[in-house]
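Could you have a look at this structure, given as structure tokens, before my questions?
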Amino acid sequence: MKKDPTEPQFNVITLDVPIIRGNTTITEVTVNKPNAGALRSVRLQALLDTDVDALIRVLPRITTPNLTVPEISNLDPADIYALSQALAIFFLPNSVKSDYLSV
């Protein structure tokens, strides 16, 4: 199956509560489209159910800047939910993705 070059390979999320990392303030996080390796050791259904343990395992592998486990564990609930939804969009088949994104 060929990749559609117009299909987004990432989603950018603006955090409600920025992450402070040393002298840097992170206000936006890019969620990159995961490959199978990034999803290893996690049930896909757990990610779709917004299981926090599954998200804590996967998000460090697919975020830019790469968030750490402690940073993800300390995220505001609204921010981890937004990141989970940015990830979940990648699991939609193309046949319904355009309908979902146009709402």
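Throughout, read-outs are computed from the coordinates displayed, never taken from laboratory work. Note that the structure is a prediction, hence the values are computed from the model and not measured. With ideal geometry, Cβ positions are generated from the backbone for all residues, glycine too; neighbour counts draw on all protein chains shown.
For n ≥ 4 DSSP H runs only, could you compute -39500 (n - 2.57) per run for the chain, divide by its residues and tell me the 222 nm figure to the nearest 500?
Mean residue ellipticity at 222 nm (helix-derived): -11000 deg cm²/dmol.
What residues have an amide H closer than 5 Å to that of Thr68, excluding those fewer than 5 places away on the same chain, when H is modeled at 1.01 Å from N in the peptide plane?
When sequence neighbours closer than 5 places are left aside, there are no close amide H contacts.
May I ask you to derive the relative contact order of the chain, considering only C-alpha pairs under 8 Å and at least 6 residues apart, and to give it as an integer percent?
So the answer I get is 28 percent.
Based on Cβ point charges of +1 for Lys and Arg and -1 for Asp and Glu, what charge dipole magnitude is obtained for segment 10-101 about its Cα centre, in debye rounded to the nearest 20? If you can, show how the numbers build up before the last one.
On the way: 7 positive and 9 negative charges, 89 e Å.
Dipole of segment 10-101, to the nearest 20 debye: 420 debye.
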